[in-house]
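In what follows, a single structure is set out as structure tokens and then discussed.
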Amino acid sequence: MFVVNKWDLVASSMPTDKWVAYLRDTFRTMLYAPIAFITGQSGKNVKAMLNHAQMLFKQSRMRIATGR
């Protein structure tokens, strides 16, 4: 998961979609990774990011047995 912190400081100068395009272009092998834009000081989107991280953790712990 990519977490972009201090988003409130740059949100007015650079739109979210440009940041997403930049990250996807820079880290081409990590297209599967979700991106979270948060503001730690005010707590904006922090809870949603933590919930998403928990969901990803649960997915990583799930085991699928191989068929006989």
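In this structure, is F37 within 13 Å of M1 (Cα to Cα) and over 12 Å from the mean Cα position of the chain (by Cα)?
no
Any chance you could count how many residues in the range 18-34 are under 13 Å from the mean Cα position of the chain (by Cα), among the charged types (D, E, K, R) and open to solvent by 70 Å² or more (accessible area, probe 1.4 Å)?
Going through the range 18-34 one residue at a time, the tally reaches 0.
Show the residue pairs meeting these rules: Cβ distance below 9 Å; 6+ apart or different chains; first residue within the range 1-21 and of a type in the set (G, A, S); second residue open to solvent by less than 60 Å² (accessible area, probe 1.4 Å).
So the pair list comes out as A11/F37; A11/T39.
Pairs, please: C-beta under 8 Å, at least 6 apart or cross-chain, first residue on the phi > 0 side of the Ramachandran plot and in the range 33-45, second in a loop (DSSP other than H, G, I, E, B)?
N45/I38
The values are calculated or read from the model by the stated rules, or taken from the named source; none is laboratory data. Note that the structure is a prediction, hence the values are computed from the model and not measured. Note: ideal-geometry Cβ built from the backbone for every residue, glycine included; neighbour counts use all protein chains shown. Note: accessible area is taken over every heavy atom of the protein model, side chains too, but ligands, DNA and RNA are not part of it. Shrake-Rupley method; radii C 1.70, N 1.55, O 1.52, S 1.80 Å.
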